[in-house]
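Dumping the structure here so I can ask a few things about it.
The values are calculated or read from the model by the stated rules, or taken from the named source; none is laboratory data. All values derive from a computational prediction rather than experimental measurement. Cβ sites come from the backbone with ideal geometry, for glycine too, and all protein chains shown count toward neighbours. Please note that ligands, DNA and RNA were not included when accessible areas were found on the heavy atoms of the full protein model with its side chains. Shrake-Rupley method; radii C 1.70, N 1.55, O 1.52, S 1.80 Å.
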Amino acid sequence: MLVKVYGGLVFGIEALPVTVEVNIDKGVGYFLVGLPDNAIKESCHRIQAALVNLGYRFPKRQITINMAPAGVRKEGSAYDLTLAIGILAASGQIPHAEIGDYFIMGELSLDGGLQPIKGALPLAIQARKAGFKGFILPKQNAREAALVDALAVYGIENLSAAIDFFKGKERPQPFLVDTRAAFYARRDERELDFSDVRGQENVKRCMEIAAAGGHNVILIGPPGAGKTMLAKRLPSILPPMGLREALETTKIHSVCGRLKESGGLLTNRPFRSPHHTISDVALVGGGTYPQPGEISLAHNGVLFLDELPEFKRSVLEVMRQPLEDREVTISRSKFTVTYPASFMLVASMNPSPSGYFNDAAAPRTCSPEEMRRYLSKISGPLLDRIDIHIEVTPVRFERLSGDRRGEPSAVIRQRVVSARKTQWNRFATRENQHYNAQMQRKQIERFCSLDPAGLDLLKTAMQRLALSARAYDRILKVSRTIADLAGAERIQAHHISEAIQYRSLDREGWLH
């Protein structure tokens, strides 16, 4: 008897339908075709043990299973439930009339219990797109899949519940989530606030500009100056995520299996801070079976690289293309997959091996040559892709012990949101372009025109600092953001002057 059961596979952050054809005929054997990986091939043993332990029989006949499309490789243990239901239906142990109406995925334990799967959200989106009545999957993934409207999601605990479902004995109520209500109820649940930061007014101003324009930033300062503290608070002044951004971000984390059972929709911008020992693949994504890396997990949020020179040179260099294109493409001989990677890069570093080169209160133990050797660990092209360089110096004891608190994040965020609205209106006709850091050459020429005073000032700075063409573009972009924060229609000379100050590592005098 031939039965068709339906599931899906995750490719990138999208899902594709998979038709599982189960045929039971005369003979003895178990044949699984359609490019399954080892985890799927081992499912035979998990299914057999689960069926026996639940009082059902594993057919002692020839079982042939085809996973179509046969030319696309399938991976993982999430097809256990799909295969088990197909075998039961093909052997006549459960009715098969309604099986084709449902999307079925889940990993089986030997006692018939179900383990959570990866990618439940994109799979649910595919199930709705394909017109299925419902999606049957492990209970732990139900909230995640139920974020998809107009799809009945049934979260079940074990294989017995799935069997009862198709026998019509007991059908649970579909898991329901009001996506918009959940989204607005859980936003901005953050404990870190800029009001906790004493002093550092110039750095907080820099972080506000970076947030307003989506600019990458690097903080240079000695240990204990507050670089990490400032970076961790940056998400608190970024504009709240929209529902579309939240769904896209949640899909990426779903594919990686990083959503908690009770988590559901991610409503706060992600903040990722990988250790400096991270590998190239772990940072940008890839592997034998490609998975998103840290830069994709930071999509729509912040990627913080602490102690930037300690990262391997190769790791930093592979990040250059995603910084420009805001996506990363993983190419293999038989396929190519693309992951979104639109993130703000925030990096920090000591100014020298000792860490105290630019600290006037500490003795300088490193020579300028040691300093140059240390800075050479970061390539010029990578630094050119970082719009803002800012020095962070230690706060004096008097400021630390004072009662005056800093400006709260909520107040700063209001100015950031106002500047972002100006940019959204500016780029309203361009798809996937929303803020100044995304401007290309034509947009820079159109929106960053300078008056004679500003043009002379920038020309002088370019000549004296020997800045590259990319640094020139960065200064104009940052100037445009400064003007937006000030509510100015045109960039003025003092906007240019402030932007030039945020290119610390380009200034030769900084080493002396």
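Can you list the lysines whose alpha carbon is less than 20 Å from that of K251, not counting same-chain residues fewer than 8 positions off?
Within the straight-line limit of under 20 Å, K251 reaches these lysines: K74, K118, K129, K139, K260.
While we're on this one: Rounded to the nearest 0.05, what FRET efficiency is calculated for E98 and Q173 with R0 set to 22 Å and r the Cβ-Cβ distance?
Details: r = 17 Å, r/R0 = 0.78.
In this case the efficiency is close to 0.80.
Report the gain in length on full extension from I278 to S314: 0.36 nm times residue separation, minus Cα-Cα distance, nm rounded to one decimal.
Roughly 11.9 nm would be gained on extension.
Ok, one more. Explain nothing, just the number: relative contact order of the stretch 16-143, from Cα pairs under 8 Å at least 6 residues apart, as a whole percent.
For the stretch 16-143, the relative contact order is 28 percent.
In sequence order, what are the phi-derived ³J(HN,Hα) couplings for the stretch 470-478 according to the Karplus relation 6.51 cos²θ - 1.76 cosθ + 1.60 with θ = phi - 60°, rounded to whole Hz, with x for glycine and proline?
5, 5, 4, 4, 4, 4, 5, 5, 5
Further question on the same structure: Could you compute how fast the chain diffuses translationally, taking Rh as the Kirkwood radius over C-alpha pairs and applying Stokes-Einstein at 4 °C with viscosity 1.567 mPa s? Give it in µm² per second. Don't jump to the answer; show the numbers that get you there.
On the way: Rh = 25.7 Å.
Diffusion coefficient, whole number: 50 µm²/s.
Note down the Stokes-Einstein diffusion coefficient of the stretch 407-509 in µm²/s, whole number, using a Kirkwood radius over alpha carbon pairs, 10 °C, and 1.306 mPa s. Provide the component values of the computation, followed by the final result.
On the way: Rh = 14.4 Å.
It diffuses with D of about 110 µm²/s by this estimate.
Hey, what's the per residue convex hull volume over the C-alpha atoms of the stretch 224-287, in cubic angstrom? The partial results should precede the final answer.
Details: hull volume 8.0 nm³, N = 64.
Hull volume normalised by residue count: 125 Å³.
In sequence order, what are the phi-derived ³J(HN,Hα) couplings for the stretch 6-11 according to the Karplus relation 6.51 cos²θ - 1.76 cosθ + 1.60 with θ = phi - 60°, rounded to whole Hz, with x for glycine and proline?
10, x, x, 10, 9, 10
Taking H placed 1.01 Å from N in the peptide plane, check which residues at least 5 places from V18 or on another chain put their amide H under 5 Å from its amide H.
It is G7, G8, L9, by chain and number.
So who's got an amide H within less than 5 Å of the one on Q62, skipping anything under 5 residues away but keeping other chains? H placed 1.01 Å off N, in plane.
Hits under the 5 Å cutoff: D25, G27, V28, G29.
Further, regarding this structure: Under 5 Å between amide hydrogens, which residues at least 5 positions from G34 or on another chain qualify, with H placed 1.01 Å from N in the peptide plane?
M67
Hey, with R₀ at 35 Å, roughly what FRET efficiency would D25 and S333 work out to, going by the Cβ-Cβ distance, to 0.05?
0.45
With a 1.4 Å probe and all protein chains left in place, how much of the accessible area of the stretch 8-81 comes from carbon and sulfur atoms, in whole percent?
Accessible surface attributable to carbon and sulfur in the stretch 8-81 totals 55 percent.
Averaging sequence separations of C-alpha pairs under 8 Å and six or more residues apart, then dividing by the length of the chain, give the relative contact order as a whole percent.
13
Give me the orientation-averaged projected area of the Cα convex hull of the stretch 90-233, in nm², one decimal.
Over all viewing directions, the stretch 90-233 projects a mean Cα-hull area of 14.0 nm².
How much FRET efficiency would the formula 1/(1 + (r/R0)^6) give for E75 and A410, where r is the Cβ-Cβ distance and R0 is 41 Å, rounded to 0.05?
Efficiency computed from Cβ-Cβ geometry: 0.35.
Sticking with this structure for a sec: Would you work out what percent of the accessible area of the stretch 204-256, with all protein chains in place, is carbon or sulfur (probe 1.4 Å)?
Answer for the stretch 204-256: carbon and sulfur cover 52 percent of the accessible area.
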